[in-house]
Amino acid sequence: MSGFLEIERLGKDYGGVKAVHDVSLTVGEGEIVSLIGPNGAGKTTLFNCITGTASASEGQVRYLGQDITHLPPHRIAEAGIRRTFQHIRLFREMTVMENVLVGAHLTTSSGIASGILRPAWQKKEEHAARARVLEVLEQFEERLLPRVDQKVKVLSYANQRRVEIARCLVSTPRLILLDEPTAGMNPHETQGIVELIFRLRDAGYTLLVVEHKMRLVMNVSDRVVVLDHGEKIAEGPPAEVTENPAVIEAYLGQRENAAIE
Amino acid sequence: MPQIVKDTLENSPMILFLAALVIAPFVIPNQYIVQIMVFIGIYVILAQSLNLLNGYIGLIAIGHAGFYGIGAYTSAKLTVDAGLPFELAFLCAGLVAGAFGWALGRPTLRLEGIYLALATLGFNLIVWLVLLNWNSFTGGPLGIKGIPRPTILGWEVDTRTEYYFFILAVVVTVVFTMARLVNSRFGRALVAIREDQLAAAAMGVDVTRYKVQAFVISAFYAGIAGACYAHFVRYISPDSFTMLESFILLAILALGGSGNMIGPIVGAAILIAIPELFRAVAEYRMLLYGLVLIIIMQVRPQGLFGGHHYNLHLRLFDRGPRRTYRGDAFLPSEAEQ
């Protein structure tokens, strides 16, 4: 199991503020690991360090045995890691189709010359990429398919979240980092994401999820990692973690409503 | 209905427009108007070139006349002094400008927004000062005289009408290549960078590389426009490549709208034609020019065809798939089937 994603003593400070401090964490292939913790606990910072959006101050991130700690984001994407963002970052003026096609950037190869000259292989590639996008959008039932040619900025918040996930899936990455995938969704929509997460696990994806909805976390996670003030305070199966007194004090105890939903 | 008939019908406005442009010089015997249309053509190339940066990848470049000047001087020097054939000099104008684009882009494209804008402005200033002061090479303020008329594969482009057709061919080629480029994987990466650089990088787009490539392509086209200009007026001096020229290009994009293919064409046509139309009231010319800009900015701040929502891909040049879902039926790809 080990050796898939290994985070070793990772630290990140912003001008003296330790956003993440001495966090070690291993994610095995095919696992669903949830990252929880109060606001400001360093969850997103950890995501940023893994995906190269932020550069870790200390420690190491290894993916498939390769040190990816200080690689630029596009190189980490090349390694097969995709992410969504806590605050939706879509290409707002592009259509759903175009957004997801950008997600397929690395699985296609056409460049300047072939873009202009349009040789047969370029057309074939473009055709295949679009077919693949439709295939991915089908996983979201009738939410995205009818809107495939609409600009994403006109979509609902929940649909925009779905497009972000679709944009990750299209390249069939091995590891996906979901940063609050159900934020802004109602219980019914959240259930749709839960089902999607199960489908992804069955399809062999490895997921690292930041989430605030505890029921979802308890439901889908193989393992839960709890961060507080940038440090890891607990780790284990969901049932075990919720019993942990440190966790209850840091997180669940003070935020009873979070435990309910 | 056969595909070819469908395509023709769908493209009929553009085909008619192109046909009108071909017939125009014969219907309008006025050489002066043909000359203005040549200038409009040159500015369409320049505006399309700048549009790739300002409109598609979202880099604010405000010193584009620098590349324009480099292209013009390259082609002039190579034909006048080195005696190179026009076709070769024309191509070199683009390549040399492109090389300068690379040299400027490599170090400066890590800058964002206003800082990059200032770097490009500085570049324009430097080019202009070098052209003005390097007397032995550029002829200084006197410029370069006696630039030959082009001869293209044996076709001597002598008259204004002939030159008009030459420019028309160049413009069509430029718009054709641009339209295809922006509606491909490459173009999508550019727009993605404009929309959200961080997200684009997270999807595997090498942001710096794409910025440099877009910069080089844009400079290449500006260089081509420079050569078109030099061989038409046949005398060039540094004054034609000042920052004012760069600002006219920005005004064209502001007026016509950027981020699509039609805006720069419409903007160039209007902004170049206006001063000529108002020549009769010469003293109020610039006043009216300014007034038109102010009104447009008030009424349509995104430009006539502006806003990035106006996605005109020019179907005639680009028959790639566009709509993928219609009602309940999937059309995975129309053109390729």
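Bear in mind these aren't lab numbers, they're just calculated from the coordinates by the rules spelled out. No experiment lies behind these values; they were computed from the predicted model shown. Reconstructed Cβ throughout: ideal geometry from the backbone, glycine too, with neighbour counts over all protein chains shown.
Things worth noting here:
- Cα-projected label distance for A:Arg9 with A:His229, points at 7 Å along beta-carbon direction, nm: 2.1
- With the cut-off at under 16 Å, measuring from each backbone N in segment A:136-167 to a point 7 Å along the Cα-to-Cβ line of A:Ala203 picks out A:136-145, A:162-167.
- Modelled FRET efficiency - R0 41 Å, B:Phe137 with B:Leu9, Cβ distances, 0.05 increments: 0.15
- Value of [θ]222 nm, deg cm²/dmol, for chain B, DSSP H segments ≥ 4, -39500 (n - 2.57) each, nearest 500: -21500 deg cm²/dmol
- Summed side-chain charge close to B:Tyr43 - residues other than B:Tyr43 whose Cβ falls under 13 Å, Lys, Arg +1, Asp, Glu -1: -2
- Contact order normalised by residue count of segment A:89-172, Cα under 8 Å, 6+ apart, percent: 53
- Remark: the B:Ala273-B:Leu125 segment gains 50.6 nm on full extension, using 0.36 nm per residue and subtracting the alpha carbon distance.
- The distance from the alpha carbon centre of segment B:98-130 to that of segment B:269-289 is 31 Å, rounded to a whole number.
- Under-5 Å amide H pairs with A:Leu227, H placed in peptide plane, nonlocal only: A:Ile36, A:Gly37, A:Ile233
- Lysines whose Cα lies under 16 Å from that of B:Lys145, excluding same-chain neighbours fewer than 8 positions away: B:Lys77
- Applying a threshold of 23 Å to the alpha-carbon distances of A:Lys12/A:Lys43; A:Lys12/A:Lys213; A:Lys12/A:Lys232 flags A:Lys12/A:Lys213 as lying beyond it.
- Within the same chain, lysines fewer than 8 places from B:Lys6 are excluded, and of the rest, those with a Cα less than 21 Å from its Cα are A:Lys123.
- Computed from the C-beta positions of B:Val172 and A:Ser57, the FRET efficiency with R₀ = 51 Å rounds to 0.40.
- Net length gained if the chain between A:Glu78 and A:Glu29 were fully extended (0.36 nm per residue, minus Cα distance): 15.9 nm
- Across chain B, Cα pairs under 8 Å and at least six residues apart give a relative contact order of 28 percent.
- Cβ neighbours within 10 Å from other chains - mean over B:202-214: 6
- Taking label positions 7 Å along the Cα-Cβ direction at both B:Phe26 and B:Lys145, the computed distance is 3.9 nm, reported to one decimal.
- Taking 7 Å steps out from each Cα toward its Cβ at B:Met297 and B:Phe165 produces label points 4.2 nm apart.
- Cut-off 19 Å (backbone N to label point 7 Å along Cα→Cβ of B:Leu18), residues of segment B:155-180: B:164-180
- In a DSSP loop and with at most 16 other Cβ atoms within 10 Å, the chymotrypsin sites (Phe, Trp or Tyr not before Pro) in segment B:188-253 are B:Tyr235.
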